[in-house]
Structures are given as structure tokens and as C-alpha cells.
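The values are calculated or read from the model by the stated rules, or taken from the named source; none is laboratory data. Because the structure is a prediction, the values reported are computed rather than measured. Because the Cβ atoms are built from the backbone with ideal geometry, glycine has one as well, and the counts that use them run over all protein chains shown.
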Amino acid sequence: MSAGTSSLELDEKPKSSPPPAPVIRFLKGAELLGQCPVNPGETIVDHAEACGISLPTNCTSGTCGTCMVSLILGEVPLPEILPPGLDDWLVDEGARLGCIGKPRGDVDIDIRPPL
Ligand code: FES
């Protein structure tokens, strides 16, 4: 122990920075269009608007599929019963509906639907 080092200093927990805030990134193929922090409870469309990206919408209730995008990375939980705008095979291809899909954690979205 060097002179001047108190036991308090030795007992201090190492300072750690908080984990980085989750980020949603919007891509069109390999092109990054924008990114912004994930705000829990907000939809993909809300996040796109915050990033200055306009996603097409129509019903805004999960019915029409106009807002369909492709989930490339991360988690956008689905409702237990799929809405009319989604089918199982589309979900298998990574489809999510921007108007009702709420990202959880870091997420990469291709604004193109998986068709
Ligand atoms: S706008 Fe119709 S399903 Fe999203």
C-alpha cells in the first residue's frame, strides 16, 4: 500500500459506465438510412419518424400490411395472435409491421418488406 492510500479507496467499487442505450438502425439493403435510440413503447414507424425516415402507412392498426418491413437483427415481439397484415410465412421471412411493432433492444430494420 502506498502512502496516502486509504482503505476507503480500496473498498470503492470500480466505476462502470452505464450500458449503451439500445439503438434502432434503418437500412435499405446495405445502405444505412439513419439510426436513433430505442424508446420503449414506441413503434417502428415512430422511430423512423424520429430518424427523419418516412415509412408508408395506411391503417396504422396491423390490418393492411402497408407498413411491412424486414427485421434483420434484434427483437420486435409479435402479438400472440398475428394481425391480419401478417402471415406465418411472412414472419418466417422476417416481416414485421412498422405501425404496431415495438423494438426491444438493438434492432436493425430493412425498410423493404421481405417479398
Ligand atoms: S399501416 Fe396497415 S398494417 Fe401497418
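Is it fair to say Val76 is at pLDDT 95 or above, within 15 Å of Pro103 (Cα to Cα) and surrounded by 18 or more Cβ atoms within 10 Å (Cβ to Cβ)? Talk me through it step by step, then tell me what you get.
Working: at pLDDT 95 or above: yes; within 15 Å of Pro103 (Cα to Cα): yes; surrounded by 18 or more Cβ atoms within 10 Å (Cβ to Cβ): yes.
In short, yes.
Residues that are surrounded by 14 or more Cβ atoms within 10 Å (Cβ to Cβ), free of Cβ contacts under 8 Å to residues at least 60 places away in the same chain and more than 15 Å from Gly101 (Cβ to Cβ) within region 30-49 comprise Gly34, Gln35, Cys36, listed in sequence order.
Of everything in region 32-64, what is hydrophobic (A, V, I, L, M, F, W, C) and within 16 Å of the ligand (Cβ to nearest atom)? Give them in sequence order. First the steps, then the outcome.
Of region 32-64, the ones hydrophobic (A, V, I, L, M, F, W, C) are 32-33, 36, 38, 44-45, 48, 50-51, 53, 55, 59, 64.
Within region 32-64, Ile44, Val45, Ala48, Ile53, Leu55, Cys59, Cys64 qualify.
Can you tell me which of Asp92, Asp106 is closer than 18 Å to Gly34 by Cβ and more than 14 Å from the ligand (Cβ to nearest atom)?
Values: Asp92 fails: closer than 18 Å to Gly34 by Cβ.
Among Asp92, Asp106, only Asp106 is closer than 18 Å to Gly34 by Cβ and more than 14 Å from the ligand (Cβ to nearest atom).
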